[in-house]
Each structure stands twice: as structure tokens, then as C-alpha cells.
1. Please give the number of the condition N44 fails out of (1) free of Cβ contacts under 8 Å to residues at least 12 places away in the same chain; (2) within 16 Å of the ligand (Cβ to nearest atom).
2. Being more than 16 Å from the ligand (Cβ to nearest atom) and assigned to a strand (DSSP E or B) is the filter; apply it to the range 80-98 and report the residue that is surrounded by the most Cβ atoms within 10 Å (Cβ to Cβ).
3. What tally of residues in the range 12-52 results from selecting those that are in a loop (DSSP other than H, G, I, E, B) and buried (at least 20 other Cβ atoms within 10 Å of the Cβ)?
4. Can you work out which of the residues in the range 113-127 that are within 11 Å of the ligand (Cβ to nearest atom) and crowded, with 24+ Cβ neighbours inside 10 Å is nearest to K82 (Cα to Cα)?
5. Give the residues of the range 137-147 that are more than 12 Å from the ligand (Cβ to nearest atom) and within 18 Å of T165 (Cβ to Cβ), sorted by residue number.
6. Go through the range 133-163 and count every residue that is closer than 15 Å to Q192 by Cα and not in a helix (DSSP H, G or I).
7. Can you name every residue in the range 164-192 that is away from the ligand (no atom under 16 Å from the Cβ), part of a loop (DSSP other than H, G, I, E, B) and touching a residue at least 12 places away in the same chain (Cβ under 8 Å)?
8. Applying the selection to the range 55-79, what residues are more than 15 Å from the ligand (Cβ to nearest atom) and of a type in the set (S, T, N, Q)?
Amino acid sequence: MIFEQFFDKTSSTYTYLISSGPGREALIIDPVLDHVDSYINKLNSLNLKLVKVVDTHIHADHITGMSELKNKTNCETVMGDKTPADIVSLKIKDQEFVKIDKIKLKAIYTPGHTSESFSFLMKDRIFTGDTLLIGGTGRTDFQNGDPYDSYNSIFNILLKLPDKTKVFPAHDYNGNFFSTIENERLNNPRLQVKSADEYAEIMNNLNLPDPKLMDIAIPRNLKLGGK
Ligand SMILES: [Fe+2]
């Protein structure tokens, strides 16, 4: 299997390229517009055909590369079916599969960070978007975020996955590449709570500044990064 993890330093975003092998179909998760050329170079160097590009949610801190990748490769654009981005070519439902040859990802609706966030499970690993971060969780104070939904998505869905499941988030700010469900359950400071109310209390008092690009990124990303 081909599994490449790209990092955007400006927004600390992780992007993932997946394929069953050279010469086969490929899928990209959470692309950043500024790096579309490097994704295309990697696809070409491995003789991969990009057929699907997925965003876990409408990002507020960078402009997605979905539209540009579609323009350049004619791939399908995929998001969960709660997305407000009308031009997505494939809206996937909770528990449905996103398929490319020899690979399938199960879409799992995990709202909380935003009301339309999905995670994607591929055998031993899960792409959690901003629902579950390494040592953190996605803020819940805009884009219809809700700390109680976040608690439910994390505690009743993601933490129920097998302990050894690898966690690949959409961001990391501390140089980590991935984690595991077990590690997050035991060590993530936000998850050491006894109730949803206790978790919501933490989330409602983070007092974070808005992302710098928010007013530009969200409207652009509703158009999948197109103008
Ligand atoms: Fe986000």
C-alpha cells in the first residue's frame, strides 16, 4: 500500500494520499490548495490515477485543494452528506464506504467540531479530521460546533474503536505524525473527564482567537477552494 502524509507548515494541516500500489487508483484526504502541485508530482512519480479527493469538513484555517485537484485530474470530490458545500460530486452517508480499487474507507459521522464533520476508517487507521486531535480535540465555538456532539462523537464512536487503531488527524501543532485510540483515551488531557458536562465546560472556556484565514477560507471552502 502507498500511504503518504503531507504537512502544510502555515496551517499545520496533514494531508493523506492513499493507494493500493503504483499504477493504481489513488485518493487524497484534506488537501491544501498551496500544495496541489506537490500532490500531482507525487501522483505522477508513482503513476497513480487520482479518482477521489475527500475533505473531512469545511476547514476554517486553510483553503482546500479539492476544486483545483478536480480541475487538474477530473477526480470526484467527496464529503459527508451533512456538508453545506453544494458542489461536492459525491456526498457520502454515515457508515457508507468511499471506494477506490482494493481500498475502502468507511465514512463515520462525527459532528462536534463542526456540524458536518466526518471521520474515515480504513482498516487499522482512522482519519479523524479535527474531531480528535493528538492530545487535543477540535474547537467547538464556530461552524455550528457543539461540545456535547464532540463528546458523543469521541467517547461513543471513536474511542469504541480497537485500542491499536492509529489516529491520523487533519492537524498537529507539535510534530506528532499519528497516535492511537488507546494513547488518546489514556493521555489526551481533554478526554480525562467524567462527564459530557465536564468536557463542555473545558470546551466553552478555551477562549481561542479566530483562525487568521477564517473569513476567507470558509466561503472559499464552501466552493471547495474554487473562486
Ligand atoms: Fe477544522
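Every number in this text was worked out from the coordinates using simple rules, so none of it is lab data. Keep in mind that this is a model prediction, so the values were computed, not measured. Quick reminder, even Gly has a Cβ in these numbers, built from the backbone with ideal geometry, and neighbours come from all protein chains shown.
1. N44 satisfies all of (1) free of Cβ contacts under 8 Å to residues at least 12 places away in the same chain; (2) within 16 Å of the ligand (Cβ to nearest atom) except (2).
2. I92
3. 3
4. If we take residues in the range 113-127 being within 11 Å of the ligand (Cβ to nearest atom) and crowded, with 24+ Cβ neighbours inside 10 Å, then S117 is nearest to K82 (Cα to Cα).
5. Correct list: empty.
6. 5
7. Selection gives K164, T165, N174, N176, F177, F178, N188.
8. Correct list: S67, N71, T73, N74, T77.
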